[in-house]
Amino acid sequence: MKYLSVIRHAKAARPDKYDTDVERPLTKRGVNDSDLVAKKLSLLSPKVDWLVSSPSVRTRETVDRFVRALHYDEPVIWEQELYGADAGTLLDILSSVPVEIEHAVIIGHNPGMEALVSGLCTGSTVRLNLSMPTATLAHLELDIRWWNQIRWGCGQLQILLKPKLLRAR
């Protein structure tokens, strides 16, 4: 078994104040939501041992919060292809995770994140009516031995954690 945590970046500033979408930083709520969800991810086992992310400002800031909470000291992989990637591209990226990795994390953007989780769990990127608001964590157990075996339908959703539920406590 391998484990995959799929995270949508946290809440970002409105786009009208920035020249490009890539430049949008997190809002205060985005920072708080990242911290809440990262704390929960830090409790899972096995521990995160590989992290790849889109290089946009909002994903970088989301990653910073997670790295701190996880006490993650490995290099973060900044993958340009993740920005605006569709589910097929995300699956290709994950197929190259090193074989020794047990728990990988991917942080990116919708609609790709939702489609990735849907495809891994149901075999089709359009079958699961899944909503991943900002800072949502989907944690999956994958029925694979090696990352290059990842395919549609190999995953089982273990946790779907939306920050709104944590804020309500």
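Can you name the number of the only condition in (1) in contact with a Leu (Cβ under 9 Å, 6 or more places away or on another chain); (2) surrounded by fewer than 21 Cβ atoms within 10 Å (Cβ to Cβ); (3) of a type in the set (Val, Ile, Thr) that THR27 fails?
Here THR27 meets the rest and fails (1).
Whether any residue in segment 86-93 is in a loop (DSSP other than H, G, I, E, B), at pLDDT 95 or above and open to solvent by 10 Å² or more (accessible area, probe 1.4 Å) is what I want to check.
Within segment 86-93, one or more residues are in a loop (DSSP other than H, G, I, E, B), at pLDDT 95 or above and open to solvent by 10 Å² or more (accessible area, probe 1.4 Å).
Any residue in segment 40-53 that's more than 23 Å from LYS164 (Cα to Cα): show its pairings with residues that are part of a strand (DSSP E or B) and modelled with pLDDT of 95 or more at Cβ separation under 6 Å, as long as the two are six or more apart or on different chains.
Short answer, once both residue conditions are applied: PRO46/HIS103; VAL48/HIS103; VAL48/VAL105; ASP49/HIS103; TRP50/ALA104; LEU51/VAL105; VAL52/ILE77; VAL52/ILE106.
Go through segment 41-53 and give me each residue that's of a type outside the set (Ser, Thr, Tyr), in contact with a helix residue (DSSP H, G or I) (Cβ under 8 Å, 6 or more places away or on another chain) and crowded, with 16+ Cβ neighbours inside 10 Å.
We begin by selecting, within segment 41-53, every residue of a type outside the set (Ser, Thr, Tyr); these are 41, 43-44, 46-52.
In the following step, the residues that additionally are in contact with a helix residue (DSSP H, G or I) (Cβ under 8 Å, 6 or more places away or on another chain) were identified as 41, 47-48, 51-52.
Result: LEU41, VAL48, LEU51, VAL52.
Out of all the residues in segment 55-76, which are over 21 Å from ARG24 (Cβ atoms) and in contact with a strand residue (DSSP E or B) (Cβ under 9 Å, 6 or more places away or on another chain)?
LEU70, TYR72, GLU74, PRO75, listed by residue number.
With the requirement that a residue be of a type in the set (Phe, Trp, Tyr) and either open to solvent by 20 Å² or more (accessible area, probe 1.4 Å) or assigned to a loop (DSSP other than H, G, I, E, B) (or both), what does segment 63-85 give you?
Our first condition is that a residue be of a type in the set (Phe, Trp, Tyr); within segment 63-85, this holds for 66, 72, 78, 83.
TYR72, TRP78, TYR83, listed by residue number.
Can you find, within segment 132-156, the residue that is surrounded by the fewest Cβ atoms within 10 Å (Cβ to Cβ) among those that are assigned to a loop (DSSP other than H, G, I, E, B) and touching a Lys or Arg at 6+ places or on another chain (Cβ under 7 Å)? Give the steps one after another, and end with the answer.
Initial filter on segment 132-156 (assigned to a loop (DSSP other than H, G, I, E, B)): 132-136, 143-146, 150-154.
So of that shortlist, the ones also touching a Lys or Arg at 6+ places or on another chain (Cβ under 7 Å) come out as 132-136, 144.
Values: MET132: 22, PRO133: 13, THR134: 24, ALA135: 29, THR136: 25, ILE144: 16.
In this case the residue turns out to be PRO133.
Restricting attention to segment 88-99, which residues are without any contact (Cβ under 8 Å) to a residue 40 or more places away in the chain and more than 19 Å from LEU157 (Cβ to Cβ)? First the steps, then the outcome.
First pass over segment 88-99, keeping only residues without any contact (Cβ under 8 Å) to a residue 40 or more places away in the chain: 88-90, 92.
Correct list: GLY88, THR89, ASP92.
For segment 30-39, state whether one or more residues are surrounded by 15 or more Cβ atoms within 10 Å (Cβ to Cβ) and more than 19 Å from ALA138 (Cβ to Cβ).
Yes, there is a match, as at least one residue in segment 30-39 is surrounded by 15 or more Cβ atoms within 10 Å (Cβ to Cβ) and more than 19 Å from ALA138 (Cβ to Cβ).
Being hydrophobic (A, V, I, L, M, F, W, C) and either outside any helix (DSSP H, G or I) or within 16 Å of the chain's Cα centre (by Cα) (or both) is the filter here, so list the residues in segment 157-169 that pass it.
Kept after step one, since they are hydrophobic (A, V, I, L, M, F, W, C), are these residues of segment 157-169: 157, 159-161, 165-166, 168.
Result: LEU157, ILE159, LEU160, LEU161, ALA168.
Mind telling me which of the residues SER124, SER96, SER118 ends up being touching a helix residue (DSSP H, G or I) at 6+ places or on another chain (Cβ under 9 Å) and under 22 Å from LEU41 (Cα atoms)? Outline the logic, then answer.
Values: SER124 fails: under 22 Å from LEU41 (Cα atoms); SER96 fails: under 22 Å from LEU41 (Cα atoms).
After applying the criteria, what remains is SER118.
Go through the residues of segment 108-131 one by one and say whether even a single one is in contact (Cβ under 8 Å) with a residue 12 or more places away in the chain, in a helix (DSSP H, G or I), among the charged types (D, E, K, R) and open to solvent by 10 Å² or more (accessible area, probe 1.4 Å).
Checked segment 108-131: at least one residue is in contact (Cβ under 8 Å) with a residue 12 or more places away in the chain, in a helix (DSSP H, G or I), among the charged types (D, E, K, R) and open to solvent by 10 Å² or more (accessible area, probe 1.4 Å).
The values are calculated or read from the model by the stated rules, or taken from the named source; none is laboratory data. All values reported here derive from a predicted model rather than from experimental measurement. With ideal geometry, Cβ positions are generated from the backbone for all residues, glycine too; neighbour counts draw on all protein chains shown. To get the accessible areas, we keep the full protein, side chains included, count just its heavy atoms, and leave off ligands, DNA and RNA. Shrake-Rupley method; radii C 1.70, N 1.55, O 1.52, S 1.80 Å.
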